[in-house]
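Q: Mind having a look at this structure? Questions to follow.
The values are calculated or read from the model by the stated rules, or taken from the named source; none is laboratory data. What you see is a predicted model, and the numbers here were worked out from it, not measured in a lab. With ideal geometry, Cβ positions are generated from the backbone for all residues, glycine too; neighbour counts draw on all protein chains shown. The accessibility values were calculated without ligands, DNA or RNA, using every heavy atom of the protein model including side chains. Shrake-Rupley method; radii C 1.70, N 1.55, O 1.52, S 1.80 Å.
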Amino acid sequence: SWMFHCHLLYHMASGMGRMVMLSDGMHMDMPEMGEHGKVPWHLLLDGSVQSHMTDGNLMLMHERDSLNARWQVGLIDSRDAPYEIDLTYDHYFNANLSSFVGARLTDDDHDKNRAIAGITYRLPYLVDSSLGVDSEGGIRVGVGKTVQLTDRLSVFGMIHYDTRTRIELVADAEGRPAM
């Protein structure tokens, strides 16, 4: 499998990329590429620390599969700021559709650890959507969008509806330093 994509990440995220797959029966005059012909593993860590909590994602990805740890952990006494950690295996069917299965761990007094499964889908205009169910019958639906304002500044908005916690709104701005 080979990934061909535009060098601008915004373009790649909007679908300007293709996966080219060769089967055993296909013949192509392609030179031996040595270590560059191997499909690499990718490790991504993204997180933030705020005044009351930390939020982040750790991902180990290989081709169309990834192992993920997503967390929201309170920095104050755990009774006032519980943690929620999603440990998932994700499979990407194409650039817009993926599925996940795993576990949601929490220390919330009104909740408990449970299995989770669901799908994520990129809607038109690069709006990310998700639908998940858990082993306790809970449902979580969400949509989110990132807007690049300048080369160094972007804003993000997300809304989730969870049958346990109801509505959750998140707004964020991210700036990057000049290189």
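Q: Name every residue in region 129-179 that is in a strand (DSSP E or B), open to solvent by 80 Å² or more (accessible area, probe 1.4 Å) and either among the β-branched types (Val, Ile, Thr) or on the phi < 0 side of the Ramachandran plot (or both), in order of residue number.
A: Keep residues of region 129-179 that are in a strand (DSSP E or B), which gives 129-134, 139-148, 153-162, 166-175.
Filter once more, keeping what is open to solvent by 80 Å² or more (accessible area, probe 1.4 Å): 131, 148, 161, 166-167, 169, 171-172, 174.
Within region 129-179, LEU131, GLN148, TYR161, ILE167, LEU169, ALA171, ASP172, GLU174 meet the criteria.
Q: How many residues does region 3-41 hold that are open to solvent by 100 Å² or more (accessible area, probe 1.4 Å) and either within 30 Å of ALA171 (Cβ to Cβ) or modelled with pLDDT of 80 or more (or both)?
A: 5
Q: Among the candidates ASN68, ASN57, single out the residue that is closer than 22 Å to ALA173 by Cβ and part of a strand (DSSP E or B). So that I can check it myself, show each step before the final result.
A: Details: ASN68 fails: closer than 22 Å to ALA173 by Cβ.
Result of the check over ASN68, ASN57: ASN57.
Q: Output the number of the condition that TYR83 fails; it satisfies all remaining conditions of (1) surrounded by 16 or more Cβ atoms within 10 Å (Cβ to Cβ); (2) farther than 21 Å from MET19 by Cα; (3) in contact with a strand residue (DSSP E or B) (Cβ under 8 Å, 6 or more places away or on another chain); (4) at pLDDT below 95.
A: Every listed condition holds for TYR83 apart from (1).
Q: What pairs come out if I take residues in region 87-115 that are under 17 Å from HIS62 (Cα atoms) and open to solvent by 40 Å² or more (accessible area, probe 1.4 Å) and pair them with residues that are modelled with pLDDT of 95 or more and part of a loop (DSSP other than H, G, I, E, B) whose C-beta lies under 9 Å away, six or more apart or interchain?
A: none
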